[in-house]
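Structure, as structure tokens:
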Amino acid sequence: MPLPETSSQLTTIVGINGMSCAACTASVETAIRSVSNVEEATVNLATEKATVIYQSRPTILKEILNAVRDSGYSIKTEHITLEIQGMTCAACTSTVEKAMSKLEGVVEVIVSLTKEQAQVSYLEQLTPVSTMIDAVRKVGYNVNPKLDNVSSDAKGSQLTSQTKEISLLKYKFFVSAFVGFILFLGSFNRFPWVNTLIQYDYYLLTLLSLGTLVQFWAGSSFYKSGLSALRNKTANMYTLVCLGTSVAYIYSVVITLTRIIGTVEIENSPMSKTLHFDTAAIIIALVILGRLLERRARHRTSDAIRQLIDLKPNQVSKITGSKEMIIPISELIIGDTVIVKPGERIPVDGEIVDGYSWIDESMISGESIPLEKGPGGQVYSATINTTRSLIIRADRLGQHSILGQIIEMVEKAQNSKIPIQRIVDAFAAHFVPGVIAIAGISFMFWFIWGPEPSLLYSLLTFISILVVACPCAIGLATPTAMIVSTGHAANRGILIKNAETLEKTNKATVVLVDKTGTLTKGKPEVTDIFVIKGTRTELLHIAASVEVRSEHPLGKPIVALAINEGLNIGKPDNFEAFPGLGVKANMGEHCVLLGNQKFLTSNNVCLDAVASVRTEMEEAGKTTILVAKDNQLLGIIGLSDIIKDESAAMVAHLNSLGVETIMVTGDNPKSAQEIARR
């Protein structure tokens, strides 16, 4: 916390990133001292911290931070995401942003209306989280820190809360709509059943009771939000709704009570002929309907984040001594060892302690063929262990894992604001006061110069302007489009850094396209079967009968092709796998070998008959598997990742738009060149 030296003098310590020598410290000191009201600045290279003594005044801390940035360095800040409830329009986001921006240690605030979140960069020693929470609550909104992104309990709690809110909105809408319809029928003397009841005073009391129910039960949240905004000298969408419906309701209450009491002057006036309980109730029902649709849309746009979170298992098998215990993943700590069985997703980023297996890392790398890894190999959360059990030491957990960072990137992109959105938000913040002013002017105009009854006519005009002008669409259109687009992109493996980057893509002249899974199908398939001895069917039958026992990912397409062609796959004996080389097994009295050139040559199999064919396949980017029986070469099988049908048309379309396409791949050069040629 800042330490007071005098009544207005403060001392604060901030961390500095990027310094490497004494010249760096001098640059930072000079930059900080250039800010007015800074009395002293001392930078320590070893601790990477700057001690600043300054005279307190508004915005001085932000000026210091900007001065450090301008000198080529950055301030070490903390980041937190706050969940905010009760925001309804751009005016609300503006109110929250202003409230937190006034706090001395807050560096940056980005409030997302559609996600109901605020992402805050701040200096922890100056602004504790509790101070930010208090500032938001003072302006009338509920706020809580967002729990760990990968916490299944938090996820379940959030989903339950959203579901309850949607259910309550549905209930309020149906009640308001039904009561509004009844009030609509009862407010006019145009229906037979009304004429039979109009003579009874309890009929008017019934209308009053129903109107009050909708106004103060269904519309209670509108009053809460609208009044909170007024207390803080701001206005939001619900300010308009409250004003409009309250005027209609109060007008109807006055007319109803005068008709019951029997005030002749008012009862005989034209104004007493019509009540407007129905107007207030139907407006509230429609606003609730809009809020319900908005909530459902927000709920759906979070699917991308939820699907990423679902990649992380809720429980893990922790190894303690010689025992294996199943515990919630939230109880795991760095340094613990876990066992991951075949078919399970790896729950942590860490290092393999024991075991060998094939790891499907397509979620991260996009490459379709799993990688073989053993002791010392690095593995990542949400990737899949395909073949054998592994014991893994946890090095990174939760938001620090690869999956956590991906989730954080997607959320930051969804919460970030594009430049045009900032302009819209600034406009919307002044929109509500402008609408109220216009509605007031219209009321006075029609009250003075309008047709009789002028009061009724001017009231209806006032109500109409307030309700119709609610700025929901202005505040929601751009951020909702942003969330939907980034969410769909994330589901397709495309991560967008921020909103500004997305906005600039229409100016892109070069596109880098990943090969595997983007241009290609992402799964190897058998493309060639070259027979030296016997028949094609015999060669495929023997290869599939051996590979059915193999854990190698290239064996699966061979088995799949054999099954698709209706072959009866045999059962090999004495199966043995040689990592990085091939497999060996007995089929009846025959010894069968499948593998690469090195494996078959070491087993005295002559490969001269397929040398040119193998070279041709490999130059075309295909993986080759040689098949031999009793040391006699039977043939060669070629496998390749197949190009998608639409890839060529996609590249041609981009080229026609003047966009240059470049393929990026971690595959071998020959395979890459062949895919690019095709």
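Numerical summary
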{"item": "For ASP514, residues with placed amide H under 5 Å, excluding near neighbours", "result": "VAL664"}
{"item": "Inter-probe distance in nm under a simple model that places probes 7 Å from Cα toward Cβ, at PHE445 and THR537", "result": "8.9"}
{"item": "Length released on extending from ASN142 to GLU124, taking residue separation times 0.36 nm less the Cα-Cα span", "result": "4.3 nm"}
{"item": "Overall form of region 496-547 per C-alpha gyration tensor (a/c, 1.5; a/b vs b/c)", "result": "prolate"}
{"item": "Highest to lowest packing among 132-142, 377-387, scored as the average C-beta count within 10 Å", "result": "377-387, 132-142"}
{"item": "Burial order of peptide ranges 245-256, 589-600 (average beta-carbon count within 10 Å, highest first)", "result": "245-256, 589-600"}
{"item": "³J(HN,Hα) computed for each position of region 630-647 - Karplus, 6.51 cos²θ - 1.76 cosθ + 1.60, integer Hz, glycine/proline x", "result": "6, 6, 10, 5, 8, x, 9, 10, x, 10, 7, 7, 7, 5, 5, 4, 8, 5"}
{"item": "Listed pairs LYS598/LYS670; LYS138/LYS172; LYS76/LYS318; LYS102/LYS170; LYS164/LYS341; LYS49/LYS138 exceeding 26 Å between Cα atoms", "result": "LYS138/LYS172; LYS76/LYS318; LYS102/LYS170; LYS164/LYS341; LYS49/LYS138"}
{"item": "Overall form of region 495-621 per C-alpha gyration tensor (a/c, 1.5; a/b vs b/c)", "result": "prolate"}
{"item": "Residues in region 521-545 reached by a label modelled at ALA648 [backbone nitrogen below 16 Å; 7 Å Cα→Cβ]", "result": "521"}
{"item": "Residues with amide H under 5 Å from that of SER74, placed H, sequence gap 5 or more", "result": "ASN17"}
{"item": "In Å², nearest 10: area of ARG69 left accessible to a 1.4 Å probe", "result": "110"}
{"item": "Segment THR509-LEU495, extension gain: residue separation times 0.36 nm, minus the distance between their alpha carbons", "result": "3.1 nm"}
{"item": "Global geometry of region 342-408, whether rounded, prolate or oblate, following the gyration tensor of its Cα atoms and the 1.5 cut on a/c", "result": "oblate"}
{"item": "Residue among ALA91, HIS79, SER101 farthest towards the positive dipole end of region 75-128, charges placed on Cβ", "result": "ALA91"}
{"item": "Table column - 3J(HN,Hα) (Hz), region 276-292, Karplus curve with 6.51, -1.76, 1.60, x for Gly and Pro", "result": "10, 4, 5, 4, 4, 5, 5, 4, 4, 4, 5, 5, 5, 4, x, 5, 4"}
{"item": "Theoretical FRET efficiency, 1/(1+(r/R0)^6), r = Cβ-Cβ of ARG677 and ILE327, R0 51 Å, to 0.05", "result": "0.45"}
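The values are calculated or read from the model by the stated rules, or taken from the named source; none is laboratory data. Quantities reported herein were computed from a predicted structural model and do not represent experimental measurements. Reconstructed Cβ throughout: ideal geometry from the backbone, glycine too, with neighbour counts over all protein chains shown. For accessibility, only protein heavy atoms count, side chains too; no ligands or nucleic acids. Shrake-Rupley method; radii C 1.70, N 1.55, O 1.52, S 1.80 Å.
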